[in-house]
1. Look through LEU211, LEU147 and report the one residue that is outside any strand (DSSP E or B), under 17 Å from ALA128 (Cα atoms), among the hydrophobic types (A, V, I, L, M, F, W, C) and modelled with pLDDT under 95.
2. So which strands (runs of 3 or more DSSP E) stay within the stretch 1-104 end to end and still have 3 or more residues that are open to solvent by 20 Å² or more (accessible area, probe 1.4 Å) and of a type outside the set (A, V, I, L, M, F, W, C)?
3. Determine whether ALA138 is outside any helix (DSSP H, G or I), within 16 Å of ALA72 (Cβ to Cβ), open to solvent by less than 50 Å² (accessible area, probe 1.4 Å) and in contact (Cβ under 8 Å) with a residue 40 or more places away in the chain.
4. When ALA145 is evaluated against the numbered criteria (1) more than 25 Å from GLY41 (Cβ to Cβ); (2) open to solvent by less than 60 Å² (accessible area, probe 1.4 Å), which criterion, by number, is the only one it fails?
5. Among the numbered criteria (1) over 15 Å from VAL57 (Cα atoms); (2) touching a residue at least 24 places away in the same chain (Cβ under 8 Å); (3) of a type outside the set (D, E, K, R); (4) out of contact with any strand residue (DSSP E or B) (no Cβ under 6 Å at 6 or more places or on another chain), which single criterion is violated by LEU147?
6. Given the conditions (1) part of a loop (DSSP other than H, G, I, E, B); (2) modelled with pLDDT of 85 or more; (3) not β-branched (Val, Ile, Thr), which single one is not true for LEU173?
7. Please work out which residue is nearest to ARG46 (Cα to Cα), limiting yourself to the stretch 178-206 and to residues that are out of contact with any strand residue (DSSP E or B) (no Cβ under 8 Å at 6 or more places or on another chain) and assigned to a helix (DSSP H, G or I).
Amino acid sequence: MNKSFTNRTEAGRALAQRLSRMALPAPIVVLALPRGGVPIGVEVARALKAPLDLLLVRKIGAPWQRELAVAAVVDGQPPDIVLDRETMAMTGVNQAYVDAEAKSELAEIERRRGVYLRGRAPIGVEGATAIVVDDGIATGTTVRAALKALRRRHPARLVLAVPVAPSDTLAELRSEVDDVVCLAEPFPFHAIGLHYVDFHQVSDDEVLAALDAVNAPAGDSGKSGAG
């Protein structure tokens with residue numbers, strides 16, 4: 001299999017070029033799904049001169065295959081839980097399992113909020129063009145949960161932008177957003193990591209460094225990108 005991208009940085013730059021050609025209206029806010037989506041978000045935010053924020057969402061995996069999402073939980077008051085009922089039925093997972101797993105995933109979201117955001121309030125997206133980025137999509141359950149939660153914050157335009165995803169998943173997600181941008185839709189699709197040469201697990205330190213690099217030194221340009 002030919003690899004689509006060398007690493008997340010290269011993928012982010014290619015995605016940023018595509019988004020730049022769309023002439024999206026300001027203000028723009030880029031929201032990355034940690035941790036893998038953050039290096040993508042850095043490149044997009046820099047290219048569009050926009051602030052970068054996080055969408056804190058955690059997948060709930062099947063008992064024997066944690067990467068197979070049966071549901072996802074998104075930070076919020078109250079938290080949103082989005083179910084993938086087809087996958088739940090296929091794996092035999094019930095609501096009690098999802099509820100129990102959601103508790104531990106919410107605890108991880110709380111930890112990440114403290115580590116990554118360090119008390120900083122979320123960047124407002126009401127009336128803005130909100131661009132949600134990740135390093136790829138497989139089943140779409142995690143991203144769908146994030147998009148549904150983000151809609152509650154009333155962006156004027158919601159854009160989903162990823163380097164790689166299966167066509168059928170993208171088709172299912174189109175109803176959740178105003179625009180979809182995807183650079184590669186391979187078939188058959190097996191796993192996101194197969195389309196990167198370097199797909200290492202992004203660390204907390206990398207996430208912190210990325211947020212600081214975009215939002216602290218480039219604060220003035222971020223404000224200009226936000227109108």
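1. LEU147
2. Counting at least 3 such residues, we get 65-74.
3. It is true that ALA138 is outside any helix (DSSP H, G or I), within 16 Å of ALA72 (Cβ to Cβ), open to solvent by less than 50 Å² (accessible area, probe 1.4 Å) and in contact (Cβ under 8 Å) with a residue 40 or more places away in the chain.
4. So the condition that ALA145 fails would be (1).
5. (1)
6. Checking LEU173 against (1) part of a loop (DSSP other than H, G, I, E, B); (2) modelled with pLDDT of 85 or more; (3) not β-branched (Val, Ile, Thr), the one that fails is (1).
7. In this case the residue turns out to be GLU206.
The values are calculated or read from the model by the stated rules, or taken from the named source; none is laboratory data. Fair warning: this is a prediction, and the values are worked out from it, not measured in the lab. Cβ atoms come from the backbone with ideal geometry, glycine included; neighbour counts cover every protein chain shown. Keep in mind that these areas ignore ligands, DNA and RNA; they rest on the heavy atoms of the full protein, side chains included. Shrake-Rupley method; radii C 1.70, N 1.55, O 1.52, S 1.80 Å.
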